[in-house]
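What follows is a set of notes on a single structure, which appears directly below.
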Amino acid sequence: MATHKISFNVNGIRETAEVPSNMTLLTLLRERLAITGTKRGCDTGECGACTVLMNAEPVNSCLVLAVEIDGTDIVTVEGLAQDGQLDPLQEAFIQHTGVQCGFCTPGILIAARALLDRNSKPSRREIKDALRGNLCRCTGYTRIIDAIQEAAEVGG
Amino acid sequence: MDAVSKSHVFPSPIGESVTRVDALEKVTGEAKFTDDLQFGAGLLYGQVVRSPHPHAIIKRVDVSRALALPGVRAAVTGEDSDDHIGLYLKDRYIFCRDRVRFVGDPVAGVIAVSESIADEACRLVEVEYEVLEPVLDPLQGVQEGAPLLHPDLGEYVVADFIDPKPGTNIANHFKVRKGDVEAAWSKCDVIVECDFRVPHVQHVPLETHVAVARVDQTGKIILWSSSQSPFAQRNLIAEALNMSQSDIRVIAPYVGGGFGSKAGVSVEGTAVVMARKVPGHPVKMRLTREEEFYCAFVRQGLIARTKVGAKSDGEILAMKTEYYWDAGAYTEYGVNITRASGYSSTGPYRIPNVHADSYCVYTNHPVGGPMRGFGMPEIHWGIEQIMDMVADELGMDKVAFRLKNCLRGGDKNVTGMTMHPIGLAECIEKASKAINWGEKAPASAPHKRRGKGLAIMWKAPAMPPNAGSSAWVRFNEDATVSLGIGGQEIGQGSFTVATQMAAATLGVPLDWIHISAPVDTKYSPYEWQTVASRLTWSMGNAIVQAAEDARRQILDIVAAYWDEDPNDLDVKDGQVISFKSENAIPLKDMVVYGLPLPDDQGWHGGPIIGHGNFMPTYITSLDNETGQGQRAVVHYTTGCQAVDLEVDTETGQIHLLRVASAFDVGKAINPDQVRAQMEGGVVQGASTAILECLQLKDGVPQNPSFTDYRIATSVDIPDEIIPIIVEVPQDDGPWGARGVGEHPMVPTAPAIANAVAAALGVRILEMPMTPEKVFLAIQEKLGEA
Amino acid sequence: MNLPHPGLPSFDYIRAQTLEQVVDLLLKHPTDVRLFMGGTDILVQMRDGLLEPKTLVDVKHLPGMTTIEFDPDVGLRLGAATSMNAVAQHQAVVENYPLLAEAANTVASYQLRNRATVGGNLCNASPAADTAPAILVLEASLIAFGPSGERSIPAEKFFLGPGESAFNQGELLTRIDIPLLPKGCHGRYLKLGRNAGGDLALVGVAVLGYPDETVDSDYRFRVALASVAPTPIRALKAEEILAGKSITDETLQQASDAAMDAAEPIDDVRASARYRKAMVRALTRRALSEVWAMLREEN
């Protein structure tokens, strides 16, 4: 199986890697780069735990081939805080108990970040719709939606 | 507890909604789950060959072709399983030895340098089976002449409160015989009889099961696992492998959702057995989502036959119940669900005449295990519907009917136990009021019908009588505190509540307390398991004791230093103060280095470490024939949910408008976390009520993926969830607290069913209430009319 | 029991440089080469062991594959690798073909729609494809590039069976052309899933209606259905009824009954045939009523 040399940014840091064709972006992040905030939940694009930003748009990293990220910017949950300052979404998730077991949290934060970047004042309906690809089994979603609304209100 | 009797002023931060102590780690990606740990170049991967048959004899297993594949390091088969394993009934081998009993049963394992090579090698393992007739229904399973799944049932090691019937498929039979049911029927003005069914569903934690095992050259085992039960895992694996508990170390990082599926031992055993073949190498075993559906625990299926009789004034006189649990291939855990459902079979009602039989039946279905509610969501599905049906027959309001018959403090319950004070009636009143019970509200469109319904519940921690907890607190140089516990943080907030309890007892700021995590059986204090909604209560008591122990040592040291009476001293906000002399000293000046004695006489004190433990001491057994006894359980948490919904009659879709959820938690240590449990429970309950069913055809799951096993998403949730906290203190709970983790999903499904019945005049007797099922039920009713 | 692989099986990835190169690869290795765009379907099937291509040829970077062009005199040209989100958010689509945007938005989740492509959705020829009924009622053409150059396949001739489309060997989809729509038209796509969010369609119904004085009712309707037959289908009998007599509640009901009769669903793990048929009627009725209300409001 052929390998491919790729270079890309992860959370603002330039990286290069030689990857086999069948390596997914999720596996590259977690098992090659040991950036493990992004979670594996189903490998079929259904649960959203592996959501990352690829050129500022959210994607299921389990269904992106590592070779495809050549030349792109990838942002994971580890990249949300800037200069030691939490993203307003992270603050809001802490304040509103938008977290229980925490396994879906990284993917949801990324999906929410992307939502607020394209729609700074989403309605509750729009927030729910933007999250429908992120399964959470603990919280019942209510507090997650509250937290995103709060982050939007403070201009996050 | 002192705190309760003293006054209702609680020390800070008890009763305060502090933010979760694990939240920062979890929103930054810093929180480590088992699959996040890095094991370096020596890491190997295990994959498992699984039975494609629900029931078969293993004639031959040949791993030679798998072993020949480059990159494969070793293989295991049933011969590598030493002894049986299981929590209450040791009825399974880690790898099957002679017989497979469900589709997915582990037959062999391959260890290789990569997951894909291990996977490829598994496909090269040859297994020859002699296919046997399967048992696919518990009613079939209990019949005489049914294929026997466990001919050796009589040989298995079993807990003394479990009653297996060797020579049958019945792994446990629990009976209640109270009063005289047959005589009571003739006194009833209304009798309703009905069967209810609950299918298999799954926990669906977002993190699938994962375990990494390493056996060193001396034979000692380290197991990293996503686990609710590090100590139970250590114990069960030690017993199965005939090892000392000291030679097994379980390290349990954060758990990405448990709901019972990560209690006891399941896939962890396979990782350990495989690791024994490659000493020195960690072996990782992680389930794909599909394997999770096939092989991890499922919630047992249930067929419930129920009969209830009442007098015209609404008083319930008698109840007769038969529970047939579809317990699956192994019932090591399910036998106790069967027991719990038997001793709770009446629901939270005062009923003088009770006849109940709860049968745990082996079937060739996936393994039934504990799931949030431990049998209670399943039995309340029927209990709370039939109570509505009785109220309908009586022409009585359903709230009034429940208020008339529900248990109150001092009542004798089904097993003869005197109920402790409970706030169930208050929960019923508050939940029903929150949805404007009794007020008719219009549906939002002509093709929709609106209805309101409610359901009440009770649940006790179901566990061995002597399940214990322990804790320690250890001061650091700067007076911050390491808090050692063996209970797990699985999302329910246990670390936060533990921190609050330690801070309140010690008298130090909350952020001085640091949980010594991950739980590690080598260093952490013993905890039975993180199950049964027992940590806040049981582990909480141990934490309070440990903190009081440390506090007492501190006060003694400072009292000697000041030459005062310790009773005049207190610890406030990290300082020891004297009410008498108004002296003050920061804890950091004395908790590690002690204090000098006067006149250069040397030193007093030393590093402070406090210990505590807790175990209920008052649990008695139940009579084998009657199910009667003094006190079978530690306590019951009770509650009520009320639902306001509408149904689209053209599609059968249910839309939840409002769900009020009221529970008596004794004392909410962290009210926000309690409300979060109620909200999450409502959504999980509604998800199982409307969407979920592991569809089994000839024992084979038909929908083992997220594509076809749907769970509630953000757009499926109720428009509004109204959590209501009721607090009637528990006499032996810390500050009066009792658990509430499982309870909020127990009444959700029947409350929805009752509201659907109110909306449509149609009763759905089998979960889930899919749009299709509701639609077809409406059609059937129209056909009849 | 069908256990998927724990990861993707081995294959080679080639980023295509020209259409001709792709055609050449497809002709030389008809079974071993598969085209790759968003990957949301093929990677799942490969993990499931249902497909075992030796080579994936990524064609989404080829010129025009992600272009959306609207010409007010001709219509819409959609590159085959245009993502669902790109379609749903494009101003020309939202303004001129809201039905297509609505259908694209019902697919799975936002993050999946960033990768899933319209072309991929159609080429899979799944009876449940959400954009298929829209493409049918919009009377689009699928533009294939192959050994003998470009050819246009009308949408109604494209779907041949589950997973089976009208492509010849060596052909790939490059574009979807959607003609200008009749003046005054309105459309809806209604989808029923098992839950509210992101499910596959148990039933999908697309309706497009517009004024047409050449027919007895003065209105034409086009009705297409997903997930209730081996392919996405047009409900032609229903369309005839709606053209043939003045539109009343009764006509709408008769047309919905006809749509139900056109459906030949199966029983499967997702739903029974009986329920699916009933839902075709209910959703068609609902979509027709909504479109009719919009039409009446304007005329």
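The values are calculated or read from the model by the stated rules, or taken from the named source; none is laboratory data. Here the structure is a predicted model, which is why all the values come from computation and not from measurement. Note: ideal-geometry Cβ built from the backbone for every residue, glycine included; neighbour counts use all protein chains shown. The protein model used for the area step is the full one, side chains on, heavy atoms only, and it has no ligands, DNA or RNA in it. Shrake-Rupley method; radii C 1.70, N 1.55, O 1.52, S 1.80 Å.
Some values worked out for this structure:
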| item | result |
| --- | --- |
| Residue within region C:77-95 that is in contact with a Phe, Trp or Tyr (Cβ under 9 Å, 6 or more places away or on another chain), of a type outside the set (V, I, T), in a strand (DSSP E or B) and within 24 Å of C:L35 (Cα to Cα) present | yes |
| Set B:T536, B:T499: member being open to solvent by less than 30 Å² (accessible area, probe 1.4 Å), of a type outside the set (F, W, Y), modelled with pLDDT of 95 or more and not assigned by TED's automatic domain parsing to the domain that holds B:V634 | B:T499 |
| Verdict on A:G37 being under 27 Å from B:E292 (Cβ atoms), outside any strand (DSSP E or B), in contact with a Cys (Cβ under 9 Å, 6 or more places away or on another chain) and within 11 Å of chain B (Cβ to nearest Cβ) | no |
| Residue in region B:77-86 that is within 27 Å of the chain's Cα centre (by Cα), within 22 Å of B:Y362 (Cα to Cα) and of a type in the set (D, E, K, R) present | yes |
| A:L109 vs. criteria within 12 Å of the chain's Cα centre (by Cα), at pLDDT 95 or above and within 7 Å of chain B (Cβ to nearest Cβ) | yes |
| Members of region C:242-268 found to be farther than 18 Å from C:T231 by Cα and either surrounded by 16 or more Cβ atoms within 10 Å (Cβ to Cβ) or within 12 Å of chain B (Cβ to nearest Cβ) (or both), listed by number | C:L242, C:A243, C:I247, C:T251, C:L252, C:Q253, C:Q254, C:A255, C:S256, C:D257 |
| Restricting region A:74-107 to residues that are touching a helix residue (DSSP H, G or I) at 6+ places or on another chain (Cβ under 6 Å) and among the β-branched types (V, I, T), the residue that is surrounded by the fewest Cβ atoms within 10 Å (Cβ to Cβ) | A:I94 |
| Options B:G258, B:G301, B:G264, B:G280; residue that is within 14 Å of chain A (Cβ to nearest Cβ) and touching a Gly at 6+ places or on another chain (Cβ under 9 Å) | B:G258 |
| Residue ID - least open to solvent (accessible area, probe 1.4 Å), chosen from residues in region B:140-167 that are of a type in the set (D, E) and out of contact with any strand residue (DSSP E or B) (no Cβ under 8 Å at 6 or more places or on another chain) | B:D152 |
| Residue within region B:694-706 that is open to solvent by less than 30 Å² (accessible area, probe 1.4 Å), closer than 23 Å to B:G382 by Cα and in contact (Cβ under 8 Å) with a residue 40 or more places away in the chain present | yes |
| Region B:577-631, residues that are over 30 Å from B:R339 (Cα atoms), under 41 Å from the mean Cα position of the chain (by Cα) and outside any loop (DSSP other than H, G, I, E, B) | B:L587, B:K588, B:I609, B:G610, B:H611, B:G612 |
| Region C:109-148: number of residues that are surrounded by fewer than 22 Cβ atoms within 10 Å (Cβ to Cβ), in contact with a strand residue (DSSP E or B) (Cβ under 7 Å, 6 or more places away or on another chain) and free of Cβ contacts under 8 Å to residues at least 12 places away in the same chain | 0 |
| Every residue from region C:23-51 that is away from every other protein chain (no Cβ under 12 Å), in contact with a helix residue (DSSP H, G or I) (Cβ under 6 Å, 6 or more places away or on another chain) and in contact (Cβ under 8 Å) with a residue 24 or more places away in the chain | C:V33 |
| Matching residues, region B:722-741, being assigned to a loop (DSSP other than H, G, I, E, B) and open to solvent by less than 20 Å² (accessible area, probe 1.4 Å) | B:Q730, B:G733, B:A737, B:R738, B:G739, B:V740 |
| Scan of region B:452-466 for residues that are open to solvent by less than 60 Å² (accessible area, probe 1.4 Å) and either polar (S, T, N, Q) or within 18 Å of B:W381 (Cα to Cα) (or both), ordered by number | B:K452, B:G453, B:L454, B:A455, B:I456, B:M457, B:W458, B:K459, B:A460 |
| Output for region C:63-80, where each listed residue is open to solvent by 10 Å² or more (accessible area, probe 1.4 Å) and at negative phi | C:P63, C:T66, C:T67, C:I68, C:E69, C:F70, C:D71, C:P72, C:D73, C:V74, C:R77 |
| Selection from region C:282-299 of residues that are open to solvent by 20 Å² or more (accessible area, probe 1.4 Å) and more than 9 Å from chain B (Cβ to nearest Cβ) | C:S289, C:E290, C:W292, C:A293, C:M294, C:R296, C:E297, C:E298, C:N299 |
| All positions within region A:70-105 that are farther than 19 Å from A:V59 by Cα and small (G, A, S) | A:A81, A:G84, A:A92, A:G98, A:G102 |
| Residue match in region B:697-714 (condition: in a loop (DSSP other than H, G, I, E, B), over 21 Å from B:G373 (Cα atoms) and either at pLDDT below 95 or touching a strand residue (DSSP E or B) at 6+ places or on another chain (Cβ under 9 Å) (or both)) | yes |
| Any chance C:T106 is open to solvent by 10 Å² or more (accessible area, probe 1.4 Å) and modelled with pLDDT of 95 or more | yes |
| Test for B:P54: is it over 23 Å from B:V519 (Cβ atoms), in contact (Cβ under 8 Å) with a residue 24 or more places away in the chain and out of contact with any strand residue (DSSP E or B) (no Cβ under 8 Å at 6 or more places or on another chain) | no |
| So B:D719, is it touching a His at 6+ places or on another chain (Cβ under 7 Å), closer than 28 Å to B:Q677 by Cβ and open to solvent by 10 Å² or more (accessible area, probe 1.4 Å) | no |
| Exclusive hit being open to solvent by less than 20 Å² (accessible area, probe 1.4 Å), within 24 Å of B:V107 (Cα to Cα) and free of Cβ contacts under 8 Å to residues at least 12 places away in the same chain, set B:A263, B:A213, B:A238 | B:A238 |
| Condition check for C:D216: more than 14 Å from every other protein chain (Cβ to nearest Cβ), among the charged types (D, E, K, R), without any contact (Cβ under 8 Å) to a residue 40 or more places away in the chain and surrounded by fewer than 24 Cβ atoms within 10 Å (Cβ to Cβ) | yes |
| When residues of region B:476-508 are limited to those that are away from every other protein chain (no Cβ under 14 Å) and β-branched (V, I, T), the one nearest to the chain's Cα centre (by Cα) | B:I485 |
| Count of residues meeting criterion [of a type in the set (D, E, K, R), open to solvent by 20 Å² or more (accessible area, probe 1.4 Å) and over 26 Å from B:H281 (Cβ atoms)] in region B:71-91 | 1 |
